[in-house]
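The structure appears below as structure tokens.
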Amino acid sequence: MKIKLGIFFGGKSVEHEIAVITMSQAISALDPEKYELVPIYISKEGVMYTGDDLLDLYQYKDMEVLLKRSYKVCVVNDGNGVKVMRCPAPLIGKKVLNTIDVAIPIMHGTNGEDGTIAGFLNMLGIPYVGPDILASSIGMDKILMKKVLKESGLPVVDYVSFYSMEYIKDEEKYLSQITEKLEFPVIVKPGNLGSSVGIRKAKNRQELEEAVEFAMEFSDRIIVEKAVENLKEINCSVIGNIAQTEASVCEEPFFSDEILSYADKYMGGNAAKNKAGMKGIAGAKAGNGKLGGGKGMAASSKKLPADIPDEKRDEIQSLAKETFKVLGCSGVARIDFLMDTQTQKVYVNEINTIPGALSYYLWEASGKTFEQEMDQVIEIALKRHRERENLTFSYDQNILAMQGSPKMGAKGKMK
């Protein structure tokens, strides 16, 4: 029998459209002889929908029409498996629209990649592709991630972090702390946002103040990092679990400004490509996502493989696998590095636990087809689920059913 794959995509995130594009790419690599696809589209308002048209990227050019042809649903475990049910349930007609055996979350950024969707899928008790709650949340949080990596001995740039409310109360304290610990230029980032959103480079104190104010529009926690001079960015993908990992070839992304922007990542980095890329979401049909207009991260300007010495490639691949393991990741991830071409020093910049395009282009360059990649991450998900079923999470004992009534003490507490 075919495995029923629940494809969860979209979500309440600034990367909503990129997730839709990644969905189209992913389903093009899934063998229809092995899998039956069950789309679960999550709107920007957090409403779930299902329907065959949601798998066709071309239909997203008119969202109003698309959603009218789709069903509002809720996904529940009724004790006999995970069901996709119409919501609200109709008085007459079919209430259960489908079932799901394995989930593939494709939700970049906030409310997805931060562990939110992993928590939901954990509660459903269903196998799912990708990292668990802890790995997702730490990987998404730039501040916690750097603390964990630094504690584990992995190289990260010097940084200062703080809460927005603390900064508002005493700007001078934190501005002085930054200028004393870090030398200009610095990079200012929201503490828990992805895809280069809200990021600015500051070369002096005035630019620093402006960059912090800008980052505060996107997050209540801010991180300021020492900028790497003579910068070359290198990315590497890792697939596997904490027991076994493999690293892809390395890529060198190119950017149109001093930092890699959202447009550089997803639309090729210039204004013309930017406009064309946004239209591209309506220009590629499911089943041909890799070849259509919506290429997502795969469309960014890059050198593949990266132009670096073999020993530096080996070092980055080793650091990528170690980062993946330290954070407890699973499935496929992309780790981004900063390299100082003068000193040859390499720093771990960040991890993308649900990377754009699922990094298929890095694996194809490494000799693994997109179809093989998808089969592998699904098998990893099933293996993790089997292993977790052997763990004890609750006891078959009900203290509330004990004989007699427990005595209540002051303030309603049991004695």
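Here is how the numbers come out for the structure above:
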| read-out | value |
| --- | --- |
| Residue within the stretch 133-142 that is under 26 Å from GLU36 (Cβ atoms), outside any helix (DSSP H, G or I) and out of contact with any His (no Cβ under 7 Å at 6 or more places or on another chain) present | no |
| Members of the stretch 82-117 found to be β-branched (Val, Ile, Thr) and either touching a residue at least 40 places away in the same chain (Cβ under 8 Å) or within 11 Å of SER13 (Cβ to Cβ) (or both), listed by number | VAL82, VAL84, THR99, ILE100, VAL102, ILE104, ILE106, THR110, THR116, ILE117 |
| Hits in the stretch 81-98 (condition: surrounded by 14 or more Cβ atoms within 10 Å (Cβ to Cβ) and in a loop (DSSP other than H, G, I, E, B)) | GLY81, CYS87 |
| Search result, residues across the stretch 116-135 that are small (Gly, Ala, Ser) and under 25 Å from THR99 (Cβ atoms) | ALA118, GLY119, GLY125, GLY130 |
| Qualifying positions in the stretch 196-248 - in a strand (DSSP E or B) and of a type in the set (Ser, Thr, Tyr) | SER237, THR245, SER248 |
| Residue match in the stretch 344-362 (condition: modelled with pLDDT of 95 or more, surrounded by fewer than 21 Cβ atoms within 10 Å (Cβ to Cβ), β-branched (Val, Ile, Thr) and under 27 Å from LYS142 (Cα atoms)) | yes |
| Those residues of the stretch 317-337 which are more than 15 Å from the chain's Cα centre (by Cα) and either polar (S, T, N, Q) or buried (at least 22 other Cβ atoms within 10 Å of the Cβ) (or both), in sequence order | GLN317, SER318, ALA320, THR323, PHE337 |
| Test result for TYR71, in contact with a strand residue (DSSP E or B) (Cβ under 6 Å, 6 or more places away or on another chain), surrounded by fewer than 20 Cβ atoms within 10 Å (Cβ to Cβ) and aromatic (Phe, Trp, Tyr) | yes |
| Selection from the stretch 41-50 of residues that are crowded, with 18+ Cβ neighbours inside 10 Å and more than 13 Å from SER24 (Cα to Cα) | ILE42, MET48, TYR49, THR50 |
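The values are calculated or read from the model by the stated rules, or taken from the named source; none is laboratory data. Remember, it's a predicted structure, so these values are computed and weren't measured experimentally. Positions of Cβ are generated from backbone atoms using ideal geometry, with glycine treated the same way; all protein chains shown enter the neighbour counts.
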